[in-house]
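Here it is, the structure in full.
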Amino acid sequence: MFRLCLDLNVWVADLLAHARGRVGTMSQTLVDVVRDGACSLGPTQLVISWGMIDRLGDVLLREFDVNGEDVRALQRGIATMAQRGPSGAAPYVLLGGTGVIPVRDTEDRGVMETALAGYADVLVTNNFRDFAGGHAVVIVPHRIASVTVGPQRLLIVIPSVMCEWLGAGRISLPKRRSP
């Protein structure tokens with residue numbers, strides 16, 4: 001099973017694309033993957049927390065002036081996507097940060113901790129720079145990074161990279177060069 005965590009900015013980009021009448025954007029493709037619960041990489045489980053869902057609602061209400069009932073419907077829909085995924089996992093409840101990953105922005109730290117708590121394989125973000133600091137090892141500048149905590153490895157990528165991998169049907173990391 002492939003576990004995918006979408007940063008809040010991917011959800012916002014999806015909504016903005018729909019509002020502008022766009023079709024087939026990268027963010028829309030990624031949201032469709034979690035909505036369908038499947039992609040070329042296999043059965044796909046959305047990894048998201050209640051905190052992320054709440055924060056998305058706050059952003060939509062305050063910064064984009066989206067109607068409150070529409071926000072609540074979206075929040076319910078996202079929770080349902082997670083529950084209908086192949087593992088049937090409800091959005092995660094994280095009671096305080098673990099302090100394992102030093103990410104300056106508390107919202108980004110919450111997203112990173114959710115991805116790790118949910119054993120996500122990949123975290124997709126339009127905000128790569130903020131996630132690529134600290135313990136993250138940059139594999140391809142501005143595109144791919146990796147965080148390893150214990151036996152768990154989380155890849156952090158921008159939407160175009162994830163869409164390339166979906167198109168190829170596999171995760172393709174560049175080979176390391178020999179010294």
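The values are calculated or read from the model by the stated rules, or taken from the named source; none is laboratory data. The structure displayed is predicted, hence computed values, not measured ones. In this analysis, Cβ positions are derived from the backbone assuming ideal geometry, glycine residues included, and neighbour counts consider all displayed protein chains. Accessible surface areas use protein heavy atoms only, side chains included; no ligands, DNA or RNA. Shrake-Rupley method; radii C 1.70, N 1.55, O 1.52, S 1.80 Å.
Scattering from the C-alpha atoms of the range 1-63 alone, worked out with Debye: what is log10 I(q)/I(0) at q = 0.11, 0.17, 0.24 1/Å?
For the range 1-63 at q = 0.11, 0.17, 0.24 Å⁻¹, log10 I(q)/I(0) is -0.26, -0.61, -1.05.
If you take the Cα atoms of the chain, find Rg, then find the Kirkwood Rh from the mean of 1/r over all pairs, what is Rg/Rh?
Here Rg/Rh amounts to 0.95.
Which value, in debye to the nearest 20, describes the size of the charge dipole of the chain about its Cα centre when Lys and Arg Cβ atoms bear +1, Asp and Glu Cβ atoms bear -1, and nothing else is charged?
Computed about the Cα centre, the dipole is about 700 debye.
Using alpha carbons only, how many degrees (0 to 90, rounded to 10) separate the axis of helix 26-36 from the longest principal axis of the chain?
Compared with the principal axis, the helix lies near 80 degrees.
Further question: Mean separation of Cα pairs under 8 Å and 6+ residues apart, divided by the residue count of the chain: what relative contact order is that in percent?
After rounding, I find 25 percent.
Next question. Towards the positive end of the charge dipole of the chain, with charges on Cβ (+1 Lys, Arg; -1 Asp, Glu), say which of P91, V161, A17 has the farthest Cα.
V161
Leaving ligands, DNA and RNA out of it, report the carbon-plus-sulfur percent of the accessible area of the chain at a 1.4 Å probe.
Here carbon and sulfur together make up 51 percent of the probe-accessible area.
Answer rounded, prolate or oblate for the range 50-92, using the Cα gyration tensor with square roots of eigenvalues a ≥ b ≥ c: rounded when a/c is under 1.5, else prolate when a/b is larger than b/c, else oblate.
prolate
Another one. I need to check one value: relative contact order of the range 126-179, counting alpha carbon pairs closer than 8 Å and at least 6 residues apart, in percent.
Relative contact order here is 25 percent.
Treat each spin label as a single point 7 Å out from the Cα along the C-beta direction, and report the V149 to T80 distance in nm.
3.1 nm
Put a dot 7 Å past each Cα toward the Cβ at R55 and A73; how far apart are the dots in nm?
Using points 7 Å along Cα→Cβ, the separation is 2.6 nm.
Further question on the same structure: Along Cα→Cβ, 7 Å out, is where each label goes; now give me the distance between the ones at I139 and D36 in nm to one decimal.
Between I139 and D36, the label points sit 2.3 nm apart.
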